Structures are given as C-alpha cells and as structure tokens.
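Data block below; observations after.
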Amino acid sequence: MASQYDPEHAPAGDVGAALLMIDSRLKGIHDGKAGTDPEQQALIDQYASSLGPREADDLLDGACTLIYMFMMWLRRAHEEHGKDVIEYVVPNIVATLRMMPRSVRPEAIPTMAGLVIAAGTGLSPTLWRKQYGDWTEAEMNPLEATAFLLAEYINRMTGDPDFATRLITEALAGAEEDWAGADED
C-alpha cells in the first residue's frame, strides 16, 4: 500500500548544497579540527544568510534527501548481514546527538530519531517532518548533525573517509545521465 510519505511525493531539494556542507564538516573533522573553523563558519553563515525562503527550504529538503539516501544505503548494507538498520543505526545516532548538548537541544533529538526511522523504513524524512509543522530554528543544527553522523557512520563502516560523499555524487551523476537520456528521447 502506497503511503502519502513515500519519497516519490517529496521534493529532492538542493542535495548538492547540503552535501557540500556535510562534506566540508567531514573534511574538517578528518583534518583534526575539533571545532568549526571560523573561516569555514563565516562562509557557511554568509551562504545561509544569502538564501531566500525558497532556497532555505530547498537546502532543508536536500538535507532530508541525504538522510534518506544514507539510510537506504545503510538499510541494504545491514540487510545483507541479516541485521535491522533501525536497531543498529538509530541508537548510535541518538547517543551521539545526546553527547552534543551545545549544538543539539534535547527536545530536538526525538525529531531527528523520527527522521532517521522514517528514512530507514522507506519514508520521506521531508514529508514525515512536515506533518508536524514548519522546521524550527532549534532543529537546524540537529538536522545538519544527523546528516553528518550518518555520513560518518557510513565512512567508518566502509573504512573510507570519502565513501558517503562519493555515494551521493555518483547517485547524482547517474540521475543527471538519466535526465539527459530522457531529454534525448
């Protein structure tokens, strides 16, 4: 039975911009920068302040699409070993978010867990979240942290610090090829 929260009904958003932000954070951590580089943060803040309401929504939708794509990959990887992605990934993400009290307020953690569970069960995180109203300012850092943590989980699982980014860029390149092929028909 089809659900109103199926990904086919959701906007993909600006996946490229969302990936750029997550990849930038990943590279910063792997370069040994525990905190946010002030120069990098200034660029992110400048970019964020340049967004109009539509572009901001596109970035949020893009982050949700990343969460969905990461969870779909993790779901397939866990199922190959007879494991449930929800059982293994969600507790890890929640525990890590709880260790980030300056960036992630406790009341945002259930929403992030719900996003990850929605994605892990094949639902659109964007549409799942919309049923509860508009995004709040307090959910912005947790959303970014959730996408980052999923990417880092994948990278650790594969032993490749660029795997999650490559996974998405290859999927985007494949989608562009599909679109180009459809335009030629």
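Observations on the structure shown:
- Scanning the stretch 159-185 for residues that are modelled with pLDDT of 85 or more and surrounded by 10 or more Cβ atoms within 10 Å (Cβ to Cβ) yields a total of 14.
- Matching residues in the stretch 38-81 - criterion: being out of contact with any Gly (no Cβ under 8 Å at 6 or more places or on another chain), under 18 Å from T126 (Cα atoms), surrounded by 11 or more Cβ atoms within 10 Å (Cβ to Cβ) and not aromatic (F, W, Y): E55, A56, L66, I67, M69
- The single condition among (1) surrounded by fewer than 17 Cβ atoms within 10 Å (Cβ to Cβ); (2) touching a helix residue (DSSP H, G or I) at 6+ places or on another chain (Cβ under 9 Å) that I22 does not meet is (1).
- Residue match in the stretch 90-101 (condition: in a loop (DSSP other than H, G, I, E, B), open to solvent by 10 Å² or more (accessible area, probe 1.4 Å) and within 19 Å of L74 (Cβ to Cβ)): no
- Scope the stretch 108-158; condition open to solvent by less than 30 Å² (accessible area, probe 1.4 Å), among the hydroxyl-bearing types (S, T, Y) and under 20 Å from L26 (Cβ atoms); matching residues: T146
The values are calculated or read from the model by the stated rules, or taken from the named source; none is laboratory data. Here the structure is a predicted model, which means the values were calculated and not measured. Neighbour counts are summed over all protein chains in view; Cβ atoms, including those assigned to glycine, are modelled from backbone coordinates with ideal geometry. All accessible areas refer to the heavy atoms of the entire protein, side chains included, with ligands and DNA or RNA removed. Shrake-Rupley method; radii C 1.70, N 1.55, O 1.52, S 1.80 Å.
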